[in-house]
1. Of the listed peptides 247-253, 360-366, 321-327, 459-465, what is their order by residue-averaged count of other C-beta atoms within 10 Å, with the highest listed first?
2. Label points 7 Å out from Cα along the Cβ direction at residue 508 and residue 456: separation in nm?
3. How much length is gained if the chain between residue 60 and residue 232 is pulled fully straight, taking 0.36 nm per residue apart and subtracting their Cα-Cα distance, in nm to one decimal?
4. Could you order peptides 35-41, 50-56 by the average number of other Cβ atoms within 10 Å of their residues, highest first?
5. With each label point set 7 Å from Cα along the Cα-Cβ vector, what nm distance links residue 321 and residue 467?
């Protein structure tokens, strides 16, 4: 049907008729008052506001009660007052520069019972130590990811040790100290400071010395807590103690990286206990290499020896397992010695130079020790070394026995050098797992050979000979030559941040020290490690 209109349709108007324009609705003006009597307000009826009795109450016979009179409220005046109040709040608020009004912020209520523990006002619980949080962030994001070349061991450094440290304050101190060393020495342009800054006392709050002092304080507090924990340790604490020992060992290795941040000091060093916290454990600009760090490493390594069985069942066991830490090289000893040419695609020039000269270097160390023993037993054989060096002060029978003990310790240390060197040689000649790789990097396999474990393998007598404060003589110089070869094992692991070049610098320091003896044969023993790290 043409006349039917469906829903939503419109009726067209003739074209000749203009379309009516819609006019806006007009609201009827009225006044609204809140001054009516209380009875009308309660009954929700209109009140004529006639006082003392309004019309509605008069008709009903109710008692008419009015509230106390108030000033008539003008809507425009109310808006002006509101704007004025908001402006005054902005001007009075601390955030007024950004234009934010004062905001009242209240904590959420989680309906948790109140703790009975009371905290002193203004204590550490009321504020965050942003410097420590920065160190923790640096450890998680950076330090933990370069502690090892092994993925399984890396998981321990990245997740397990921080988790354990979160429950033990002394472990957290040790962790923050290690992160601080990494942060201080990684950002070298920021960490440089001349000795004149120290001597003139112009050390600012952000200077490396102040930052290093914070690192040392964390290290000292961590060592103190570790000693206290050792006194009350139980079998269930072995993982905690082992985590602490590993953090201390890593700190001891990394301490060589801060040598140049210390001023020159000529004060005599004090004897310290194996794990006594001391700034001397870091380094100074003395002529001799620092040896205190070896005592520190040997002290905490005893924790592993006493709890080996328990630790191998714990969460940190990957740090104890080294697949190449064995004597398999002895099965191929003659072959490794005869065929010492490195693989052609060896990435490291230092490793290539090491592979060529390592067997001969071991042989020369043993030959020099034989000469020293001959000269000690028969003084007439002094012409075996040119020029003839002094073996040391004139010794009686007891002194001769001490020298024999030193020779035995040096012989044992050379054996440690040989074991470490031959493990490296064995690893270098292992076939690449990924043959398609154009660059051979054996450092992950070298780490698995535990070549950094030598500090607790050398005898205590050998370390004592390095700590002598007497004038340097040839037997002590020979101990430093052996130390240079041991440092070479660490210098070759340049993919791990706390090894590598820093121990190359220590080898060069030993070279200058040995040169003071003015003996060509002894100097040649140190010259080879220097050439390797310079390759």
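Values in this text are rule-based calculations from the coordinates and carry no lab data. Remember, it's a predicted structure, so these values are computed and weren't measured experimentally. Positions of Cβ are backbone-derived with ideal geometry, glycine not excepted, and every protein chain shown enters the neighbour counts.
1. Packing order, densest peptide first, comes out as 247-253, 459-465, 360-366, 321-327.
2. Between residue 508 and residue 456, the simple spin-label model gives 3.2 nm.
3. So the extension gain works out to 52.9 nm.
4. Numbers: 35-41: 16.9, 50-56: 14.6.
Highest to lowest by the protection proxy: 35-41, 50-56.
5. Result: 3.6 nm between the two label points.
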